[in-house]
Amino acid sequence: MIMEGFQATPDDGGIAKRLWVKFKNESLCALYTPFIVCLASGTLDSKSFLHCISQDVYFLQAFAHAYELAEDYADDDEDKEAIRVMRKRVLRKLKDQDDLVREWGFELPEVSTCDSATVRYTDFLLATAAGKVEGEKGRGKIVTPFEKTRLAAYALSAIAPCMRLYSFLSKEIKAVLVREESNNIYERWIDCLCSESFEANASRIEDLLDKLSVTLTGEELDVVEKLYHQAMKLELEFIASQSITQSTITPISQVQEPAECNLTLFCDFDMTCSAVDSSALLADVAIIAAAKTDLEDCESPYVHISAADLRTTWSNLSSKYIEEYEQCIESISPSETVGRFDYEGLCKALVQLSNFESRANDMVVHSGVLRGLSQEDIKRVGEHLVFQNGCKNILQEILGRENMHADVHILSYCWSGDLIRSAFSSGALPELHVHSNELPYEGSVTTGDMIKKMESPMDKLQAFNDILKSRENNGKHTTVYVGGSVGDFLCLLNADVGIVIGMSAGLKRLGDQFGVSFVPLFSGLVTKQRGLAEGSCSGWTGMSGILYTVSSWDEIHAFILGL
């Protein structure tokens with residue numbers, strides 16, 4: 001009934017840090033590209049690796065020229081010296097590139113060509129460094145120190161995200177290496193990007209960008225943000241464009257042949273798709289309806305509780321639910337952690353939780369707080385509901401791709417299917433299927449009763465299995481379930497891929513107690529890719545006792561559809 005949610009506020013800092021935090025979810029997507037997954041698993045074909053590394057020459061040349069122009073723009077001698085030092089480092093690396101690659105255990109090809117993705121980034125960088133920014137004056141017309149400082153900041157804003165992205169990716173890769181085996185042939189290259197010197201260089205660029213941006217106007221800072229974001233996107237495109245010769249585990253939409261790419265995506269709604277709990281929205285509708293009746297000083301056959309009393313009733317119901325829910329989780333948790341995945345034991349425990357959820361819904365119905373809600377008001381609230389970032393985009397894209405045979409099903413404890421359907425209607429998702437409880441109406445006003453269809457993990461699993469059974473004649477397909485609450489537990493475990501987002505404390509506690517493993521999705525993909533290379537079974541299968549965690553819908557997008 002009341003779902004758990006979390007909100008983090010990043011520490012404030014300079015513009016470089018703020019922009020990295022703002023666009024970090026996009027950078028996470030690079031982890032799910034075939035190139036990075038194969039690299040992290042140590043299975044990447046060496047020709048693919050060397051071709052990627054060969055592009056460094058073109059990047060370094062562009063960096064060197066961009067630094068040269070930025071140094072010319074800088075008005076402060078200290079800033080000029082800092083940029084000059086960074087340029088010298090780039091030139092030294094460019095000179096020593098072949099020796100560095102040999103230290104990593106490889107030989108660069110004698111001849112390389114500049115990839116189109118490389119051209120797009122380097123052309124953008126050099127145009128920015130030359131002052132060719134939309135709305136900006138040409139370089140020859142620069143006369144004031146402020147104009148020079150502005151263009152120096154613009155140049156660095158096109159470099160900073162590239163350095164930070166590679167520092168971030170290398171650390172994420174390093175974290176999933178099989179340390180006891182030390183069999184990743186690219187570990188020395190990864191170590192180079194994880195080194196203190198590389199991190200120091202990335203930080204120096206960011207610090208200088210912060211310093212140069214202090215005097216910029218709000219409009220000019222907007223330009224810095226646009227350039228930073230564009231540089232990030234172009235760098236991600238470069239990584240995604242790297243050709244791979246071997247079979248890969250991701251993204252799902254590209255692993256299978258188009259004719260065989262059947263996908264059934266299941267999602268919870270509250271705090272998985274939505275950014276707020278639907279019961280709170282329905283409470284708002286009820287209180288507003290009651291307040292309107294109070295104001296008009298008329299008797300209503302539906303709303304018989306004053307707005308003040310209704311607010312108190314809702315508060316009491318919510319507090320009681322939270323308290324008793326926590327007690328229920330405590331009572332069904334084993335006294336000792338189970339050493340293995342115990343699905344049967346988990347199911348038995350969840351039966352008790354199911355009984356609790358049913359009683360909680362009965363209390364809501366008997367309280368009368370759901371009586372007198374206008375269907376029009378419920379739909380209007382749904383239309384303005386705030387979604388988790390990226391959720392609607394991926395659902396629209398999955399259903400819109402012609403080469404994918406995909407279904408999307410929402411399985412929710414929400415009391416009102418109308419609210420969910422109206423929430424998605426503004427996103428043009430007519431093929432999306434909603435499975436939830438419903439509020440019956442007399443005319444266009446709720447009666448206060450509830451048509452109970454989805455109250456327990458077992459109800460969700462039954463709907464899940466019924467949907468799959470209806471698709472049996474459609475050939476082989478992959479099932480993905482996305483959720484984060486205890487109610488999603490059984491579906492998460494039965495899906496080919498169970499993805500946990502916004503994990504509730506109850507889900508984590510019960511999972512740990514019943515031997516369920518929570519593995520970051522990227523780490524899981526690397527393990528799967530390693531198994532694929534070794535010839536072992538690496539397909540996705542349910543009931544493994546492993547659930548995969550993500551921090552954003554962007555990661556899910558990259559895993560299923562790619563960048």
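The values are calculated or read from the model by the stated rules, or taken from the named source; none is laboratory data. Values in this document were obtained by computation on a predicted structure and should not be read as measured data. Using ideal geometry, Cβ is built from the backbone for each residue, glycine included, and neighbour counts are taken over all protein chains shown. What goes into the accessible areas is simple: the full protein's heavy atoms, side chains included, and nothing from ligands, DNA or RNA. Shrake-Rupley method; radii C 1.70, N 1.55, O 1.52, S 1.80 Å.
Checked against (1) surrounded by fewer than 18 Cβ atoms within 10 Å (Cβ to Cβ); (2) among the hydrophobic types (A, V, I, L, M, F, W, C); (3) under 23 Å from the mean Cα position of the chain (by Cα), Val338 passes all but condition (3). Just one of the numbered conditions (1) in contact with a helix residue (DSSP H, G or I) (Cβ under 7 Å, 6 or more places away or on another chain); (2) closer than 26 Å to Tyr343 by Cα; (3) open to solvent by 20 Å² or more (accessible area, probe 1.4 Å); (4) not in a loop (DSSP other than H, G, I, E, B) is not true of Asp466: (1).
Yes/no matrix, rows are residues, columns are (1) surrounded by fewer than 21 Cβ atoms within 10 Å (Cβ to Cβ); (2) farther than 30 Å from Val365 by Cα:
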| position | (1), (2) |
| --- | --- |
| Leu385 | yes, no |
| Gln388 | yes, no |
| Asn393 | yes, yes |
| Leu399 | yes, yes |
| Glu402 | yes, yes |
| Cys414 | no, no |
| Arg421 | yes, no |
| Ser425 | yes, no |
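Tell me yes or no: at least one residue of the range 272-279 is at pLDDT 90 or above, surrounded by fewer than 19 Cβ atoms within 10 Å (Cβ to Cβ) and closer than 18 Å to Asp377 by Cα. So far as the range 272-279 goes, yes, one or more of its residues are at pLDDT 90 or above, surrounded by fewer than 19 Cβ atoms within 10 Å (Cβ to Cβ) and closer than 18 Å to Asp377 by Cα.
Checked against (1) modelled with pLDDT of 90 or more; (2) surrounded by 16 or more Cβ atoms within 10 Å (Cβ to Cβ); (3) not in a helix (DSSP H, G or I), Lys132 meets all criteria but (2).
The set of residues from the range 449-501 being farther than 19 Å from His433 by Cβ, polar (S, T, N, Q) and over 25 Å from the mean Cα position of the chain (by Cα) comprises just one member, Ser456.
Could you tell me whether any residue of the range 532-546 is surrounded by 20 or more Cβ atoms within 10 Å (Cβ to Cβ) and of a type in the set (S, T, N, Q)? No, the range 532-546 contains no residue that is surrounded by 20 or more Cβ atoms within 10 Å (Cβ to Cβ) and of a type in the set (S, T, N, Q). Under the condition of being part of a loop (DSSP other than H, G, I, E, B) and either of a type in the set (Val, Ile, Thr) or in contact (Cβ under 8 Å) with a residue 12 or more places away in the chain (or both), the residues counted in the range 400-441 number 16.
Being buried (at least 17 other Cβ atoms within 10 Å of the Cβ) and polar (S, T, N, Q), is that true of even one residue in the range 506-518? Yes, that holds for at least one residue. Pairs meeting the criteria (first residue in the range 442-461 and within 22 Å of Lys348 (Cα to Cα) and assigned to a helix (DSSP H, G or I), second residue of a type in the set (Val, Ile, Thr) and open to solvent by less than 10 Å² (accessible area, probe 1.4 Å), beta carbons under 8 Å, at least 6 apart or on different chains) are Pro457/Val486. Only one entry in Asn474, Asn465, Asn437 is on the phi < 0 side of the Ramachandran plot and modelled with pLDDT under 95, namely Asn474. Taking the listed residues Gln254, Gln246, the one that is open to solvent by 70 Å² or more (accessible area, probe 1.4 Å), touching a residue at least 24 places away in the same chain (Cβ under 8 Å) and out of contact with any His (no Cβ under 8 Å at 6 or more places or on another chain) is Gln254, with no other qualifying. Test Ser213 against the stated conditions and say whether it is surrounded by 13 or more Cβ atoms within 10 Å (Cβ to Cβ) and within 27 Å of the chain's Cα centre (by Cα). No. What's the number of the only condition in (1) modelled with pLDDT of 90 or more; (2) closer than 26 Å to Leu490 by Cα; (3) assigned to a strand (DSSP E or B); (4) not charged (D, E, K, R) that Leu373 fails to meet? The failed condition is (2).
When residues of the range 163-210 are filtered for being open to solvent by less than 40 Å² (accessible area, probe 1.4 Å) and among the small types (Gly, Ala, Ser), how many remain? Count: 6.
Look at the range 98-114: where a residue is part of a helix (DSSP H, G or I) and a partner is loosely packed, with under 12 Cβ neighbours inside 10 Å, sitting 6+ places away or on another chain with Cβ atoms under 9 Å, you get Asp98/Glu107; Val101/Glu107.
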